[in-house]
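In what follows, a single structure is set out as structure tokens and then discussed.
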């Protein structure tokens, strides 16, 4: 962070602001039109976290992802049907997972499309959910049972919002 802002105190402030924004904007986060739940699903898949996958699969459906889109997230950036930006962002999540950094070639593809703040957020989000998945796996947390009965209020409201958009 410090190499982007040139001042230790400013770097701390920016980091704090990013985590503050993260805490308040998770539901709205849609870089490249991949809903945030899609990001978490890709991280869950990469990390083999059944708990994280099951939990965020339900949230992804509530946020408007179709079952086909969710399965496509599991298939990865090479699956047919992704827009160019969506594919690029999924490749980013995969490369961060596999290499713990980005290649120069992937960096050069991202750089013209996203601001410094957006890229920092993206990298921090992937890292955060990698950490969550690792913790869930290490603690052997089992997936939640699928709730019986009516769908949660948030899911019903999200579905209603999507119907109004169409």
Discussion item. Could you work out how much longer the chain between residue 142 and residue 124 gets when fully extended? Use 0.36 nm per residue separation minus the Cα distance between them, nm to one decimal.
Written reply: 4.0 nm
Practice prompt. Taking every pair of alpha-carbon atoms in the stretch 57-101, give the share separated by more than 14 Å as a whole percent.
Written response: 53 percent
Discussion item. Starting from 0.36 nm per residue, how many nanometres of slack lie between residue 75 and residue 98 once their C-alpha separation is accounted for?
Written reply: 6.7 nm
Fill in: Approximate spin-label separation residue 115-residue 134, in nm, with each point projected 7 Å along Cα-to-Cβ
3.0 nm
Worksheet item: How are the C-alpha pair distances of the stretch 33-160 spread across 10 Å bins, as whole percents from the shortest bin up?
Response: 12, 41, 34, 11, 1
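Read-outs throughout are calculated quantities, based only on the coordinates presented, and are distinct from any laboratory measurement. Quantities reported herein were computed from a predicted structural model and do not represent experimental measurements. Using ideal geometry, Cβ is built from the backbone for each residue, glycine included, and neighbour counts are taken over all protein chains shown.
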